[in-house]
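What follows is a single structure, written as structure tokens, with notes after it.
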Amino acid sequence: MTDLAPALALPDAVPARMVNEFAYCPRLAYLEWVQGDFEDNADTADGRYKHRIVDKEGGLLPSPNGRGDGGEGETIHARSVWLSAPEEWLTARMDLIEGEGLDVTPVDYKRGAAPDLPEGAWEPDRVQLCAQGLILRANGYRCAGGVIYYIESKTRVPVAFDEALVARTRELVQGLRAMGARAQIPPPLVDSPKCPRCSLVGICLPDETRFLTLGGETPEAERDPEAEAEAEERVRRLMPARDDALPLYVQEQGARVSKSGEALEVWLKDQRLGASRLFETSQVALFGSVQITTQALSEALDRDIPVLFFSMGGWFKGLAHGMAHKNVEMRLAQYRAAQDPAASLKYASLWVAAKIRNCRTLLMRNHPNPPAATLEALSRLARDAGRVDNMASLLGVEALAAKHYFAEFSGMIKRKPTGGEWRFDFNGRNRRPPRDPLNALLSYGYSLLAKELTVTALAVGFDPFLGFYHQPRYGRPSLALDLMEEFRPLIADSVALNVINNGILTPDDFVRRGPACAFTSEGRRKYLRAYEARLDTLITHPIFGYKISYRRVLEVQVRLLGRALAGEIPAYPPFVTR
């Protein structure tokens, strides 16, 4: 990553809050300050709520040069004051400044209780407060100390700005700036009790990163079953197993999505079809002639809720989202790898080999008598995918594997008599448009999966339109198509088999228009429920040993790709079920 340093310019000043984060965990500070990552959890939301009073600007602060509001001898009680000190490389928005005249005391509010320490406060809190004191001094005020107010215990802890604390604060400021200049993320903490309460733990992936860095992912032939059984002890599941927020799908033609208070509402003329609370909405998917109001779209953009647009038949057309992720560093690494044929081939080979192995696993699980020759061919082709020396050869391996896989796909379909014989025939893969119900199911599932990984890639900081295997094409999310390769059989193919074999969909849920086959509105609704249920299914991660949902797996894999591109882990670990 050091070769990225010349392309990344540091800000002129370090936020005092980042000095706190750097003292607490350098990796956390890097994620927030350099890469622009942030994620709320209960603690951060609660802290923001408890800060709401001091976050409102109020009161007057006298000018140190005698001009402006206030003056020498006047009592000060100023809230939410923003000052900078270029000579100290610092800037801060201070919760509260008390004092009289030019003798001032910064008061910093913290949500928790005061710790039982000789100093009365945690070091990260003390250095953040001291940074505020240095800023005030640089602006001409007299500032001998400050106060940390712990909201939960209602305790005021005085902190003297002595030489030792000032030196420590300046040392941390320079350390933070040097870390940013290196453009190299610090290693994660080791088995730290700080990690479980950190809001960025799902982004940081501390245990997963250390495990892979230390060689936790080994070739299949060299795996130790006993060691794998202990994976859950080595890698803690520090993130929630499932996402609380879920997508809102709107497919009723002529419907509109509007905002009402803290909810998105779906209306058809004067009839309210449903609603979704904003904090429980991860994305909004609109199919065909569905409208969204400016107010609803603006609120979605403000809250980083992507709005996705599909044709009525399910073709993923595009999306609207807020500002691009701040992590330019990751996109630079992506662009560099995409321009390197060897690097692109390396990642493409991993994805194709993983897809072939997962196709083989799906056949073994669902086919009553999978042909041994087919299973052997898929095993051989998965190995071949890792040995090719050019993209054309890899495309050939993938095409041959698909031929073997789809030749036996019909064997995974159960035939159940219901009065007559209910069946879904499958005579091979076809598309654009699909000509039978099963191909319609597969195409629709792949489109939804491409949508899912486009959204995830954007959230992580990638450019979803620049891939390594799928070449860039106008309007095509090439990286999302790359990332979905290993999940095609596990999610899209699996959902198609599920809705057929369990009678969730019948031939009556499809309609034919000429040679094309498509869903009815009710059929699409049933499919979406099954698709979301699949993404919500908990699965044991084959490398880390903990259970998370498929939707969470997608995010973890995309973040691991970022770690691999940055050189933090030795290689991208594909997701292969066993």
- Screening Gly461, Gly467 for residues that are within 19 Å of Ala354 (Cα to Cα) and not basic (Lys, Arg) leaves only Gly467
- Message: So, in the stretch 113-144, exactly how many residues are crowded, with 22+ Cβ neighbours inside 10 Å and charged (D, E, K, R)?
- Response: 2
- Answer residue from the stretch 370-387, given it is part of a loop (DSSP other than H, G, I, E, B) and closer than 17 Å to Phe406 by Cβ and is farthest from the chain's Cα centre (by Cα) among those: Pro371
- Query: Tell me, which residue of the stretch 70-88 that is modelled with pLDDT under 90 and not in a loop (DSSP other than H, G, I, E, B) is surrounded by the fewest Cβ atoms within 10 Å (Cβ to Cβ)?
  - Reply: Thr75
- Matching residues in the stretch 130-161 - criterion: being free of Cβ contacts under 8 Å to residues at least 60 places away in the same chain, of a type in the set (A, V, I, L, M) and not in a loop (DSSP other than H, G, I, E, B): Leu134, Leu136, Ala138, Val147, Ile148, Val157, Val159, Ala160
- Item | Unique residue being closer than 28 Å to Gly467 by Cβ and not in a loop (DSSP other than H, G, I, E, B) when the list is Asp493, Asp508 | Asp493
- Message: Of all residues being part of a loop (DSSP other than H, G, I, E, B) and among the aliphatic types (A, V, I, L, M) in the stretch 306-361, which is farthest from the chain's Cα centre (by Cα)? Just the residue, please.
- Response: Met312
- Restricting attention to the stretch 508-536, which residues are touching a Phe, Trp or Tyr at 6+ places or on another chain (Cβ under 8 Å) and buried (at least 16 other Cβ atoms within 10 Å of the Cβ)? Asp509, Phe510, Cys517, Ala518, Phe519, Gly523, Arg524, Tyr527, Leu528, Arg534, Leu535
- Could you please give the count of residues in the stretch 162-207 that are in contact with a Pro (Cβ under 9 Å, 6 or more places away or on another chain), within 30 Å of Gly545 (Cα to Cα) and outside any loop (DSSP other than H, G, I, E, B)? 5
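The values are calculated or read from the model by the stated rules, or taken from the named source; none is laboratory data. From a predicted model like this one, the values you see are computed outputs, not experimental measurements. Glycine gets a Cβ as well: all are built from the backbone with ideal geometry, and neighbour counts include every protein chain shown.
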